[in-house]
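The values are calculated or read from the model by the stated rules, or taken from the named source; none is laboratory data. Note that the coordinates shown come from a computational prediction; the quantities given were computed from them, not determined experimentally. Every residue, glycine among them, receives a Cβ derived from its backbone with ideal geometry; neighbour counts consider all protein chains shown.
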Amino acid sequence: MLCSGLEVENVCMSPSGTFRKILRPLLFGIFIFGCFVTAFLMYFKPSTSWLNGPLESSDSSNHVKHVFAKSDKNMTTVLVWLWPFGQTYEMNVCDSAFNIEGCFITADRNFYNKSDGVVIHHRDIDYITEKLYIPLSVGTVPVVLGTTRENYENFVPRDAFIHVDDFKSPKELADYLLLQDKNQEMYLGYFKWRRHFKVYRINSWAERTCHACDYLKRHKEYRAFENLNKWYWG
């Protein structure tokens, strides 16, 4: 504690006390500023997306509106709300590049109410990636985790992979893998699916979006869900 010779008892202040008095309003100010920035990012809509890639220009929007005016009512529109990992790509190439007709892909959020589907890439959701399909395509048996076995079976045959949830412990899984190494007949059972299927790898986000549009065109039973958590997890 630093005090002068003229100070009176209990008037003297330590350096730590002074620091605490300065720190409290400083932290409060930082908190208020953070709340303001959060609210700003939630409700402010920039003319160009400096967070998720460029939005379509007004000229592009007018072009799409012009095409809509001439096209039939069966045109399917997909809105890209968030670019995958911030990577932009050419959008309206479904017909020319992938032979998928009747699709309009747009990043202009003004078309939200007119869209048949909205693409939102969220990396925190458990989803199946190329880390499954590449091992399958090169002739190996992937050992998977993350989402459930049932979800994996929606995309690949049940006997094409090994899921960690099928085992009570890592040791049990390791023993099973060692058994596969010694038992060729059992191991080859994981390749029977190749008699009927082959791996088709999609190499671009544009193709994925076009396939999503094509799926929406062919499945009109899609409905609106108020609770995404209940819809996804059941």
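Can you confirm whether region 136-144 contains a residue that is within 28 Å of Leu228 (Cβ to Cβ), among the β-branched types (Val, Ile, Thr) and in contact with a Ser or Thr (Cβ under 9 Å, 6 or more places away or on another chain)? No, every residue in region 136-144 fails to be within 28 Å of Leu228 (Cβ to Cβ), among the β-branched types (Val, Ile, Thr) and in contact with a Ser or Thr (Cβ under 9 Å, 6 or more places away or on another chain).
Residue by residue, here is whether (1) out of contact with any helix residue (DSSP H, G or I) (no Cβ under 9 Å at 6 or more places or on another chain); (2) closer than 27 Å to Asp116 by Cα; (3) among the basic types (Lys, Arg); (4) assigned by TED's automatic domain parsing to the domain that holds Trp83 holds:
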{"site": "Lys198", "(1), (2), (3), (4)": "no, no, yes, yes"}
{"site": "Arg208", "(1), (2), (3), (4)": "no, yes, yes, yes"}
{"site": "Asp214", "(1), (2), (3), (4)": "no, yes, no, yes"}
{"site": "Lys217", "(1), (2), (3), (4)": "yes, yes, yes, yes"}
{"site": "Lys220", "(1), (2), (3), (4)": "yes, yes, yes, yes"}
{"site": "Asn229", "(1), (2), (3), (4)": "yes, yes, no, yes"}
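Residue-level analysis places Thr147 outside the set of residues that are of a type in the set (S, T, N, Q), without any contact (Cβ under 8 Å) to a residue 12 or more places away in the chain, part of a loop (DSSP other than H, G, I, E, B) and on the phi < 0 side of the Ramachandran plot.
When region 178-193 is filtered for residues that are more than 19 Å from Lys131 (Cα to Cα) and either at pLDDT below 95 or in a helix (DSSP H, G or I) (or both), the ones remaining, listed by number, are Leu178, Leu179, Gln180, Asp181, Lys182, Gln184, Glu185, Met186, Tyr187, Leu188, Gly189, Lys192.
Within region 19-40, is there a residue that is assigned to a loop (DSSP other than H, G, I, E, B), at pLDDT 70 or above and hydrophobic (A, V, I, L, M, F, W, C)? Looking through region 19-40, none of the residues is assigned to a loop (DSSP other than H, G, I, E, B), at pLDDT 70 or above and hydrophobic (A, V, I, L, M, F, W, C).
Return yes when Phe161 is surrounded by 13 or more Cβ atoms within 10 Å (Cβ to Cβ) and in contact (Cβ under 8 Å) with a residue 24 or more places away in the chain and no when it is not. So Phe161 passes the test.
Checking the conditions here, which among Val119, Val199 is more than 22 Å from the chain's Cα centre (by Cα), in contact (Cβ under 8 Å) with a residue 60 or more places away in the chain and under 30 Å from Val80 (Cα atoms)? Going through Val119, Val199 in turn, just one is more than 22 Å from the chain's Cα centre (by Cα), in contact (Cβ under 8 Å) with a residue 60 or more places away in the chain and under 30 Å from Val80 (Cα atoms): Val199. Output the number of residues of region 130-141 satisfying the condition of being more than 22 Å from the chain's Cα centre (by Cα) and assigned to a helix (DSSP H, G or I). Of the residues in region 130-141, 2 are more than 22 Å from the chain's Cα centre (by Cα) and assigned to a helix (DSSP H, G or I).
Go through region 164-177 and give me each residue that's without any contact (Cβ under 8 Å) to a residue 12 or more places away in the chain and either surrounded by 15 or more Cβ atoms within 10 Å (Cβ to Cβ) or assigned to a loop (DSSP other than H, G, I, E, B) (or both). Across region 164-177, the qualifying residues are Phe167, Lys168, Ser169.
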